[in-house]
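Here's the structure we're looking at; comments come further down.
Every read-out reported here was derived from the displayed coordinates using simple, explicitly stated rules and does not represent laboratory data. Only a predicted model underlies this, so the values are computations on that prediction, with no experimental measurement involved. Cβ placement follows ideal geometry from the backbone for every residue including glycine, while neighbour counts extend to all protein chains displayed.
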Amino acid sequence: MNYKLRKAHKYIWLFIIIVLPPLIMFSIKDLDLSSSKNTSIKNEKSSTNKLIKVSENELVKVSWLQKEDMKSVEVILKTPLKSASSLVYTLTKNGEKGILIGSVSTVGIYQFDFQKPFDGIVIYDTLKETTITQLLF
């Protein structure tokens with residue numbers, strides 16, 4: 001390495017040392033790390049709904065809720081699913097999957113509006129064509 005390269009190398013590293021820490025600090029400052037605000041808003045919304053039925057296992061918790069003029073199903077996914085494509089179906093009286101309600105992917109709360117009551121739900125993996133879990137009310 002000759003004199004010009006050493007000099008350029010020194011100035012480049014000085015520039016990086018001066019500029020990089022403030023950039024990192026500003027990027028961390030812009031992250032939304034206070035997720036408790038979002039969950040409190042969801043809890044307030046769900047408290048206005050009247051709870052009709054609840055069913056739960058180690059994977060999901062399903063609540064049948066009555067809104068002002070409509071019923072809805074709240075699916076709380078507790079653990080991540082190992083399937084890439086998971087759909088939620090109604091469970092018929094025969095124990096088979098019925099009408100498609102919606103899809104679930106990651107851990108979280110999913111709400112689906114539905115008019116007619118049903119006996120339970122089935123979470124079905126469409127790629128492997130297998131049932132992940134069933135819940136009866």
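A full extension of the chain between residue 66 and residue 3 corresponds to an added length of 15.0 nm, given 0.36 nm per residue minus the alpha carbon distance.
Our helix-only sum for the chain, with -39,500 (n - 2.57) per DSSP H run of n ≥ 4 divided by its residues, gives a mean residue ellipticity at 222 nm of -10000 deg cm²/dmol. Loop-located trypsin sites (Lys or Arg not before Pro) across the stretch 43-137 with a Cβ neighbour count of 16 or fewer within 10 Å are 67, 78, 82, 93, 128, with loop assigned by DSSP. Bridgeable aspartates and glutamates around residue 93 (alpha carbons under 17 Å apart, same-chain partners fewer than 8 residues away excluded): 119. The share of alpha-carbon pairs in the stretch 49-136 lying farther apart than 20 Å comes to 27%.
The longest part of the chain holding none of the exposed loop GluC sites (Glu not before Pro), meaning those outside H, G, I, E and B in DSSP with at most 16 other Cβ atoms within 10 Å, is 1-57.
For the stretch 108-114, putting each phi into the Karplus relation 6.51 cos²θ - 1.76 cosθ + 1.60 with θ = phi - 60° gives couplings of x, 10, 10, 10, 10, 7, 8 Hz, in residue order, rounded to whole numbers and with x for Gly and Pro.
Could you give the angle, 0 to 90 degrees to the nearest 10, between helix 36-47's Cα long axis and the longest principal axis of the Cα atoms of the chain? Helix 36-47 and the main axis of the chain meet at about 10 degrees. Note on residue 97: lysines with a C-alpha under 22 Å away, same-chain residues under 8 apart excluded, are 53, 61, 71, 78, 82, 116, 128.
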